[in-house]
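The values are calculated or read from the model by the stated rules, or taken from the named source; none is laboratory data. All values derive from a computational prediction rather than experimental measurement. Cβ atoms come from the backbone with ideal geometry, glycine included; neighbour counts cover every protein chain shown. SASA here: full protein model, heavy atoms, side chains in, ligands and nucleic acids out. Shrake-Rupley method; radii C 1.70, N 1.55, O 1.52, S 1.80 Å.
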Amino acid sequence: MIAQPNSNLGQILLGHMDLGNCTMGKNLIIIITFIASLHSEIPERRIVAEWEPTLGTMIRWPLGIPSDLVIELASEDLLYVLVETNYQQNQATNSFNDWDINLDNVVFINTDTYSHWTRDYGPQFTIGEDYWRVINQQFEGYPVEFGCESECDDIMVLFDCIGTEFCNNQPLYEGYDCYVNNDSCEDFNDDGQIIDWLGDGYCDDGSWGLDFMCDEYSWDCGDCGGEINDENGYCDDDLMIGVRNQIEGRPLPSQSRGWEEDDDTNIDFANQLNWDILDIPVFWTGGNFMTDGYGMGFSTRLMVNENNIDESEFVDIINEYLNIDNYHIFDNPNESSIQHMDCLAKLVNPETIIIKQVPESSPEYECMEDFAESFYELNTFYNRDFKIYRILCPEINGGGWETNPVAAYTNSLILNNKVLVPQYGISEDVQALEVYQEAMPGYQVLGFDGAANGPWYSEDALHCRVMGVFDPDMIHISHRSIRTEELPNNDNIVLIAEVIDYGNFNSDLESVVVHWKYSAEDGPFSEFTLALESDNIYTGTVPPLNSNVEIEYFITATNISSNSVSHPNAGWHTFNTLEVQVGELIIEYNSGWNLVGLPFAVENAIYTLLFPESIEGTLYSFNGGYHTEISLTNGEGYWLRFNDAGSTTISGIPINELTISLNEG
């Protein structure tokens, strides 16, 4: 007869834990859980980001965009059209009728306009609890700035009349050898003559980027008029006329009118919609501003410089008025341009950005790579790295005012569930659309050629000429999406979402639901509900997932009025589950009775396979009394007898969560 197990014999082997010497209370539960989302609170007031729910878009008549784009903009959303007169409104109405546009979707805004670049002078919006403002920034056209300068020899470093540093032998515009024909200047381009900026027929009073109107530079040798005081001998040589093809960053629509006409657009727009206005005391050109919607902003150095204040003062003003508390100012990456962010990069959600990549042959290649590298050093609102995509922007025949022109594929527009991308009639167009499809899965990505009388340029494309108008009653979801590299296992992935219903701020939502499926399956999406924890925070747990597969998921929130929004705004998030890791454990046992357990998930848990040297018929469990068993169960302890001491190796899938119930005593 086999003796019954003795309570003071052996050892307990359960997973990687030795519980043999532990004194435990009732129902001890050990749970190992991974939380995929760390919560970052939505700011109380914030600038709305481009991918958030829009009512429609703003354009200007006469048009600067092609008719097929107008048709698309008005197909599902409102189209706010800026017109100056009844005649213009009638013109627009007749054209829209010819194009079969639903005029119920068209709202005419009466205002004076000087240009069609609604992105730059049009409205940004700030939102909060019972708070909605149309931002009315100052606007005064398109100053050109230099950037992407090569290293300069010390002897060539000079300063203009107001202290702006420049490299004398690196002048802008072809044909020039230097800015100033001093002792260090020579015929660098070997054309048999020396041409500099002094006395070349162009007035250098700062409008071309440098100011030579002082004694030190002989008052630009009379280019700006007035007497010439040439103590330096700069004007003794024969007048050499240079050619500068660029007067403004964009061609002027008319010499008889001015940019100040665009400056009142936001006031007229807000008044017509009966929305409150927030005036800010700075130039803040829309095409040179990008935001994540959570207090992070991006602009180039030009934004600061056109305000003629230092960076810290500019950042403080923006933070005071607009709650941008994390403003990144980048060095100008173009040799000479209006240096707008929307021609350099495209933030498509709070953690994903598409950045322009120019050919290696471009003089701006290294500068653009330095610009891109800056984003690799930044953290998102959720305190982790940005997902960065590069989009090849090949050389194009740009406008006569453009330097080193390339396709402006980042100059796209996000409109609810669509992305509208400029096309240039070149082979790289298809590749550009594919980058957007990869970065924004599930969005409808559409390409548009420029108009015959208004083509897309390098510094001026689709995004520049269209402005989003957002929904003040939007529902907003903030969610730190799941990333594969942050998963410790495939089970118990906890989702957290913060949801704010700006139109019903003090009302509970009807539902917050997660929709998910395996990417390899056609569908439908499975669902589970997130529960309200507190203060607009909703949580839930993803069901256990298969290993080494791609998952697609999105979150929907529905309010008491049955209005709904998704996160992302269209499409879905994706991540890959982890590959199965097979574990292996050598278990040693003594001669006689041993306490044993099952440390892994195994295909066959029969004890004679796991412990082949054990004595048959000696596996016992205990539940008020001893019971013979054939198989082992994870989390249970057993007595098992061996004739001799030895060891066995058990292989299987590691267990990441285990609930163990222990009795008192």
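Here are some notes:
- Sequence of D230, D183 when ordered by accessible area, the most exposed leading, probe 1.4 angstrom: D183, D230
- Residues whose amide H falls under 5 Å from that of L344, counting only those 5 or more places apart or on a different chain, are absent, with hydrogens built in the peptide plane.
- For F330, residues with placed amide H under 5 Å, excluding near neighbours: S299, T300, R301
- Bridges between two residues of the chain, per DSSP, are antiparallel at a rate of about 70%.
- Dipole check for the chain: with +1 at the C-beta of Lys and Arg, -1 at the C-beta of Asp and Glu, and the Cα centre as origin, the magnitude is about 4720 Debye.
- Structure-based [θ]222 nm, the chain - -39500 (n - 2.57) summed over DSSP H runs of at least 4, per residue, nearest 500: -3500 deg cm²/dmol
- Computed from backbone phi, the HN-Hα couplings of the stretch 411-419 come to 7, 9, 10, 8, 10, 6, 9, 10, 10 Hz, rounded to whole numbers (Karplus: 6.51 cos²θ - 1.76 cosθ + 1.60, θ = phi - 60°; Gly and Pro given as x).
- Length gained on full extension, H328 to V582: 86.9 nm, using 0.36 nm per residue less the C-alpha separation.
- Centroid-to-centroid, using Cα positions, the stretch 467-514 and the stretch 54-84 are 30 Å apart.
- Distant-in-sequence amide H partners of S337 (H built 1.01 Å from N, under 5 Å): E145
- Given (1) 32.8, 97; (2) 33.9, 125; (3) 24.5, 80, the label whose value is Rg and Dmax of the Cα atoms in Å derived from this model: (2)
- The chain, relative contact order in percent, only Cα pairs under 8 angstrom and at least six apart counted: 17
- Ordering A497, S507, I482 by Cα displacement along the dipole of the stretch 470-567 toward the positive end leaves I482 in first place; charges were set at the Cβ atoms of Lys, Arg (+1) and Asp, Glu (-1).
- Residue ranking by accessible heavy-atom surface, 1.4 Å probe, largest first, among S361, S337 comes out as S361, S337.
- Taking every protein chain into account, the 1.4 Å probe leaves E527 with about 120 Å² of accessible area, to the nearest ten.
- Per-residue SASA entry for I493, accessible area with 1.4 Å probe, Å² rounded to 10: 0
- Of the listed residues V107, V512, the order by accessible area with a 1.4 Å probe, largest first, is V107, V512.
- Toward the positive end of the charge dipole of the chain, with +1 on the Cβ of Lys and Arg and -1 on the Cβ of Asp and Glu, the farthest Cα among I47, N266, N594 is that of N594.
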